[in-house]
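Single-structure report; data block below.
The values are calculated or read from the model by the stated rules, or taken from the named source; none is laboratory data. Quantities reported herein were computed from a predicted structural model and do not represent experimental measurements. Cβ atoms come from the backbone with ideal geometry, glycine included; neighbour counts cover every protein chain shown. Each accessible area value is taken on the protein alone, full model and side chains, heavy atoms only, with ligands, DNA and RNA left out. Shrake-Rupley method; radii C 1.70, N 1.55, O 1.52, S 1.80 Å.
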Amino acid sequence: MVLRFAQLKTPEGDRRLVAIDNSRRARRVEVADTLYELAQVAIRVDATLSEAAQARPLGETLDFDAALAEGRVLAPIDHPDPAHLLLTGTGLTHLGSAESRDQMHKAAIAHQAGTEEPLTDSRRMFLMGVAGGKPPAGEIGVQPEWFYKGDGSQLVGPGQPLISPSFAEDGGEEPEIAGVYIVGPDGTPYRLGYCLANEFSDHVVERGNYLWLAHSKLRNAALGPELLTGRLPEEIHGASRIIRNGKVAWEQPFLSGEGNMSHALANLEHHHFKYDLFRRPGDLHVHFFGAATLSFASGFQTQEGDVFEIEAPPFHYPARNRLARGASTVTTVKSL
């Protein structure tokens, strides 16, 4: 049986790893208390996560809905040392995703004389992916855009706030699918599965200058409650909404899955893990595969207290997080 996995705390504060079946029944995994531990077991015995979890009979049934309501569900993956969990991603990977980015960057580029507008870097990158992002099996395709978001300290779980820094100019959602990976003892990357995700970004900063993209991505990111194992469906139809004062203030459908992407997942994975520093044994990676829908692109302005809600079958539970504002600070550097 292929399972989903989630992490939570009991009312007493003890950690539990649970396996969730297709009927949403959540049972304790007896062989490990964290997904990180279970992944290490699976590598050691050459098994899938589901096989490793069921090497011993699953334990007691836990009330997962109650844990969610009480704020006891954690992000589905974490590392004992957050510095060894890396958050990274790729953009312009979805068919149609170039449109909103292109409009942002056109606004920052002076129009040139002539009858034809020049292509923005975003449009060129997107077209490169359309032409070469899905190479034949065994071949390497064009490399995508790539960005760094931070380490495990930036990852938030279900119901936790997405904190926009005091210096930020915007805090906007990006509904995505993220791949979750562990690097084995010999440097081989292993995919654990997929999570529904909100790759939270600052779109005003990015619009100001494309070279500020790196700054705009250094923000929190959120994962939904569960890790989906097995193959990701080719077609994923989801919905992204923003709730303000208890009412839906903005909503739009989004598409994901390889059938709606200009890059194959294997191509995105290759171009991330081709770097030696990303194949360090024991490290975890959460890699965001790109968004096709943004409220910012439709002119919506988020506010502190807004709730982002992202849902998409086959994930059972939505990613739901509130927008919060960080305290104002002034950083000074001391000389030694």
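Here is how the numbers come out for the structure above:
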| item | result |
| --- | --- |
| Selection count where residues are assigned to a loop (DSSP other than H, G, I, E, B) and either under 14 Å from Val73 (Cβ atoms) or of a type in the set (Gly, Ala, Ser) (or both), scope segment 37-56 | 2 |
| Total residues in segment 37-60, condition closer than 21 Å to Phe315 by Cβ and either open to solvent by 80 Å² or more (accessible area, probe 1.4 Å) or in contact (Cβ under 8 Å) with a residue 40 or more places away in the chain (or both) | 5 |
| Selection within segment 127-153 - under 24 Å from Cys195 (Cα atoms) and open to solvent by less than 50 Å² (accessible area, probe 1.4 Å) | Gly129, Gly133, Pro144, Glu145, Phe147, Lys149, Gly150, Asp151, Gly152 |
| Hits in segment 188-203 (condition: more than 25 Å from Pro161 (Cα to Cα) and assigned to a loop (DSSP other than H, G, I, E, B)) | Thr188 |
| Filtered residues of segment 22-36 (kept if open to solvent by less than 30 Å² (accessible area, probe 1.4 Å) and either over 23 Å from Pro281 (Cβ atoms) or part of a loop (DSSP other than H, G, I, E, B) (or both)) | Ala26, Val29, Ala32, Thr34 |
| Test: residue in segment 166-177 that is in a loop (DSSP other than H, G, I, E, B), under 23 Å from Ser256 (Cα atoms) and open to solvent by 10 Å² or more (accessible area, probe 1.4 Å) | yes |
| Check on Ala319, more than 11 Å from Glu173 (Cβ to Cβ) and open to solvent by less than 90 Å² (accessible area, probe 1.4 Å) | no |
| Test: residue in segment 268-280 that is at pLDDT 95 or above, surrounded by fewer than 19 Cβ atoms within 10 Å (Cβ to Cβ) and assigned to a strand (DSSP E or B) | no |
| Candidates Glu251, Glu269, Glu258 - the one that is free of Cβ contacts under 8 Å to residues at least 24 places away in the same chain and acidic (Asp, Glu) | Glu251 |
| Output for segment 1-14, where each listed residue is open to solvent by 70 Å² or more (accessible area, probe 1.4 Å) and over 23 Å from the mean Cα position of the chain (by Cα) | Met1, Pro11, Glu12, Asp14 |
| Answer residue from segment 232-241, given it is over 15 Å from the mean Cα position of the chain (by Cα) and farther than 11 Å from Glu258 by Cα and is most open to solvent (accessible area, probe 1.4 Å) among those | His237 |
| Set Glu258, Glu309: member being under 30 Å from Arg191 (Cβ atoms), open to solvent by 10 Å² or more (accessible area, probe 1.4 Å) and in contact with a strand residue (DSSP E or B) (Cβ under 6 Å, 6 or more places away or on another chain) | Glu309 |
| Residue among Asp46, Asp65, Asp78 that is modelled with pLDDT of 95 or more and under 17 Å from Arg24 (Cα atoms) | Asp65 |
| Test: Phe296 is touching a residue at least 24 places away in the same chain (Cβ under 8 Å), touching a His at 6+ places or on another chain (Cβ under 6 Å) and open to solvent by less than 70 Å² (accessible area, probe 1.4 Å) | yes |
| Val286 on the phi < 0 side of the Ramachandran plot, β-branched (Val, Ile, Thr) and part of a strand (DSSP E or B) | yes |
